[in-house]
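The values are calculated or read from the model by the stated rules, or taken from the named source; none is laboratory data. Note that the structure is a prediction, hence the values are computed from the model and not measured. Ideal geometry is used to build each Cβ from the backbone, glycine not excepted, and the neighbour counts take in all protein chains shown.
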Amino acid sequence: MHVLLVYAHPEPRSLNGALRDFSVERLRAAGHDVQVSDLYVMQWKAVLDARDSTDRPAGARFDPSLDSRRAFEGGTQTADIAREQEKLRWADAVVLQFPLWWFTMPAILKGWVDRVYAYGFAYGVGEHSETHWGDRYGEGTLAGKRAMLVVTAGGWAPHYGPRGVNGPIDDLLFPIQHGILFYPGFEVLPPFVVYRTGRIDETGFAAVRDALGQRLDALWTTEPIPFRRQNAGAYEIPALFGIHVEAADDPERVG
């Protein structure tokens, strides 16, 4: 199987760096092909802007969604975006690995999503009508692939529990798991989260490594999070509320 590991941590000698190396070794030892997008090493451009299209007329008004659509359909995306999209097409499973910074992913990883998830590639696809609001939330171009988060956090596990001061970890990760992964079709596996990372010694690291290894071994057998699909009857069709659906209503970045 093909696995893409998208990695976002600036220090290769960190706990994250050690876990990344372990994951690659474990997956390859099991016979899987692995590619790594190490965003800091790649010096990934995190800002979505007019430079992401190679053929925009000088002085033209920049529209994030429509420019993304034209560049994707016309083959005029920058090379870095096109390469990452090709990795996603290649992958059977995607692992996003990052430290939890200010209750979310690092900006460089969010920028990877903003730029790689082009209109026509990850959103704005499928039938848009009064009975079908696009191929998303369980459908889409990335359907049939699996995805999992590997996340490190500095706080104690109870701080991310049901009554934890930081909020439940599933709530914090919901925008990523449901919005970024399930939206374009991934089957999303429960996350692998490492807590109180600043206090992990050699014994603790061995335990974390072994637990991560078990999760990686079960990448194709673990039951995904049972998110509801948009077009499978779990939700009311927008037309029932008198909403007129347009394809451009699909992305949240319109405007």
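A few points about this structure:
- Residue satisfying condition, being of a type outside the set (Val, Ile, Thr) and closer than 25 Å to GLY74 by Cα, within set GLY164, GLY140: GLY140
- Taking the listed residues GLY213, GLY255, GLY167, the one that is in contact with a helix residue (DSSP H, G or I) (Cβ under 9 Å, 6 or more places away or on another chain), at pLDDT 95 or above and surrounded by fewer than 15 Cβ atoms within 10 Å (Cβ to Cβ) is GLY167, with no other qualifying.
- Test: ALA46 is among the aliphatic types (A, V, I, L, M), outside any helix (DSSP H, G or I) and closer than 22 Å to GLY111 by Cβ: yes
- Taking the criterion of being surrounded by 21 or more Cβ atoms within 10 Å (Cβ to Cβ) and over 20 Å from TRP90 (Cα atoms), the residues of segment 119-133 that qualify are GLY124, TRP133.
- Matching option when the condition is basic (Lys, Arg), outside any loop (DSSP other than H, G, I, E, B) and touching a residue at least 40 places away in the same chain (Cβ under 8 Å), among ARG209, ARG136, ARG228: ARG209
- When restricted to residues that are buried (at least 21 other Cβ atoms within 10 Å of the Cβ) and touching a residue at least 40 places away in the same chain (Cβ under 8 Å), segment 170-179 contains 2.
- Selection status of GLU84, assigned to a helix (DSSP H, G or I), closer than 20 Å to VAL6 by Cα and touching a strand residue (DSSP E or B) at 6+ places or on another chain (Cβ under 9 Å): yes
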